[in-house]
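Let me begin by presenting the structure, written as structure tokens, before commenting on it.
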Amino acid sequence: MLRRTLLLLSGQSWLRHWMETSSASRRFTSRFIAGRTLDEALRVASQLAGDHILSSLDFLGENVTSIDEAAGSRDSYLKALDGIASRHLPATVSIKLSQFGLDLSEQICLNNVAALVERAKSLGTRVEIDMESAAYTDRTLNIVSEIHHRFGGHVRAVVKAYLYRSEQDIARLSRQRIAVRLCKGAYREPAEVAFQQKADVDRNYLLLMKTLLETGEYPAIASHDEAILNECLLYVREKRIAPDRFEFQMLYGIRRDLQRKLTQGGFKLRSYVPYGDAWYPYFMRRLAERPANLLFIAKNVLRG
Ligand SMILES: Cc1cc2nc3c(=O)[nH]c(=O)nc-3n(C[C@H](O)[C@H](O)[C@H](O)COP(=O)(O)OP(=O)(O)OC[C@H]3O[C@@H](n4cnc5c(N)ncnc54)[C@H](O)[C@@H]3O)c2cc1C
């Protein structure tokens, strides 16, 4: 019930405006958001690199309403790639296609993504294409596939364990040797397309994870679920899958204890590092995943 309310509030523009312009917000967002500027995000990525953690920079924003705005997102990400290269950081970027104009024109969106992946390729890194709600799945995977073939890789798709279709998507992506990030899924989806119970999502996650580890192209296991991570560690040991054939991914600021444990164990871990002013929908999804975070926020606000 609380999760549903938080996801509903994540789409409310009046609340979003109030929160994003409130001077108090930085106090409680800094745990999950690396900063408001690219410089701040690059500083965080440097600190993470010092702790042997890779990163993926996410310039926060989604659902642009004009072609100029979409081009602005592309340009911000081009700057992020240049910043990564000039500081020699082990980092990728993560983008959302609705931020690149997918709701306005598929062709313009494709052109914007192509410009970014071309730069990523020239700098020896890659662009990870986040997956938004189920309404975007087909269009997003089509663009990923087109870009992958055009640039010979340098792109990663995201597949979600809560969607019934994901087993087929993984089979198709693996056949094309497209890298995949596997996550559980953060949006509210109806029972026609997605499992509703956590136990079903977790069961599907384990199934898809094992398939990806066996047949995928450098998969990313994106989760903070300790039971899932332990199962992954057991599986790679049993199947003798080398640590350089996959990576773990976690969100900035979440389960830092587990992040340390994995890097100390010699595994690759990438932190998803969000930054920018448009932090509200991202932040609300993190609250919805774990309403106990509300207590953390309340404490920070009271501490004032
Ligand atoms: C690198 C990365 C990229 C992602 N990209 C996408 C994407 O493109 N599209 C998409 O829909 N979703 C994405 N997600 C979000 C994902 O779908 C889940 O919503 C999120 O990761 C929570 O699921 P979980 O696997 O951690 O398991 P859960 O069962 O939700 O959580 C397991 C445990 O992790 C900890 N935890 C989880 N979430 C939080 C939190 N917010 N705050 C504090 N502790 C928490 C808690 O200890 C919890 O008990 C991404 C996640 C990661 C890590």
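The values are calculated or read from the model by the stated rules, or taken from the named source; none is laboratory data. Because the structure is a prediction, the values reported are computed rather than measured. Ideal geometry is used to build each Cβ from the backbone, glycine not excepted, and the neighbour counts take in all protein chains shown. What goes into the accessible areas is simple: the full protein's heavy atoms, side chains included, and nothing from ligands, DNA or RNA. Shrake-Rupley method; radii C 1.70, N 1.55, O 1.52, S 1.80 Å.
Would you check if there is a residue in the stretch 31-42 being more than 19 Å from the chain's Cα centre (by Cα), basic (Lys, Arg) and surrounded by 15 or more Cβ atoms within 10 Å (Cβ to Cβ)?
No, that holds for no residue.
Restricting to the stretch 224-265, name every residue that is in a helix (DSSP H, G or I), aliphatic (A, V, I, L, M) and within 29 Å of Ala292 (Cα to Cα).
Ala227, Ile228, Leu229, Leu233, Leu258, Leu262
What is the number of the single condition among (1) more than 10 Å from the ligand (Cβ to nearest atom); (2) of a type outside the set (Phe, Trp, Tyr); (3) modelled with pLDDT of 95 or more; (4) closer than 24 Å to Phe32 by Cβ that Leu294 does not meet?
Here Leu294 meets the rest and fails (3).
Looking for whichever is surrounded by 19 or more Cβ atoms within 10 Å (Cβ to Cβ) and over 22 Å from Leu54 (Cβ atoms) here; the options are Tyr187, Tyr280. Which one fits?
The match here is Tyr280.
Go through the stretch 257-278 and report how many residues are out of contact with any helix residue (DSSP H, G or I) (no Cβ under 7 Å at 6 or more places or on another chain), farther than 30 Å from Gln12 by Cβ and more than 10 Å from the ligand (Cβ to nearest atom).
Residues meeting the conditions: 7.
Of everything in the stretch 74-108, what is more than 16 Å from the ligand (Cβ to nearest atom) and within 21 Å of Tyr136 (Cα to Cα)? Give them in sequence order.
Within the stretch 74-108, the first condition is being more than 16 Å from the ligand (Cβ to nearest atom), and the residues that meet it are 74-76, 78-89, 101, 103-108.
Across the stretch 74-108, the qualifying residues are Arg74, Gly101, Asp103, Leu104, Ser105, Glu106, Gln107, Ile108.
Looking at Phe195, Phe248 in this structure, which one is buried (at least 18 other Cβ atoms within 10 Å of the Cβ), over 20 Å from the mean Cα position of the chain (by Cα) and within 16 Å of the ligand (Cβ to nearest atom)? Break it down stepwise before answering.
Numbers: Phe248 fails: over 20 Å from the mean Cα position of the chain (by Cα).
Going through Phe195, Phe248 in turn, just one is buried (at least 18 other Cβ atoms within 10 Å of the Cβ), over 20 Å from the mean Cα position of the chain (by Cα) and within 16 Å of the ligand (Cβ to nearest atom): Phe195.
Would you mention how many residues in the stretch 121-157 are under 19 Å from Gly61 (Cβ atoms), in contact with a helix residue (DSSP H, G or I) (Cβ under 6 Å, 6 or more places away or on another chain) and in a helix (DSSP H, G or I)?
2
Filter the stretch 28-43 down to the residues that are in contact with a Leu (Cβ under 9 Å, 6 or more places away or on another chain) and at pLDDT 95 or above, then identify the one that is nearest to Ala91 (Cα to Cα).
In this case the residue turns out to be Leu42.
Quick one: how many residues across the stretch 209-223 are within 12 Å of the ligand (Cβ to nearest atom) and either surrounded by fewer than 20 Cβ atoms within 10 Å (Cβ to Cβ) or not in a loop (DSSP other than H, G, I, E, B) (or both)?
Of the residues in that region, 4 qualify.
Does the stretch 103-110 include one or more residues that are touching a strand residue (DSSP E or B) at 6+ places or on another chain (Cβ under 7 Å) and open to solvent by less than 10 Å² (accessible area, probe 1.4 Å)?
Looking for residues that are touching a strand residue (DSSP E or B) at 6+ places or on another chain (Cβ under 7 Å) and open to solvent by less than 10 Å² (accessible area, probe 1.4 Å), one finds none in the stretch 103-110, hence no.
Given the conditions (1) farther than 23 Å from Leu251 by Cβ; (2) within 10 Å of the ligand (Cβ to nearest atom), report the number of the one that Lys184 does not fulfil.
(1)
For the stretch 116-147, name all the residues that are open to solvent by less than 10 Å² (accessible area, probe 1.4 Å), of a type in the set (Gly, Ala, Ser) and within 16 Å of the ligand (Cβ to nearest atom).
The answer is none; no residue qualifies.
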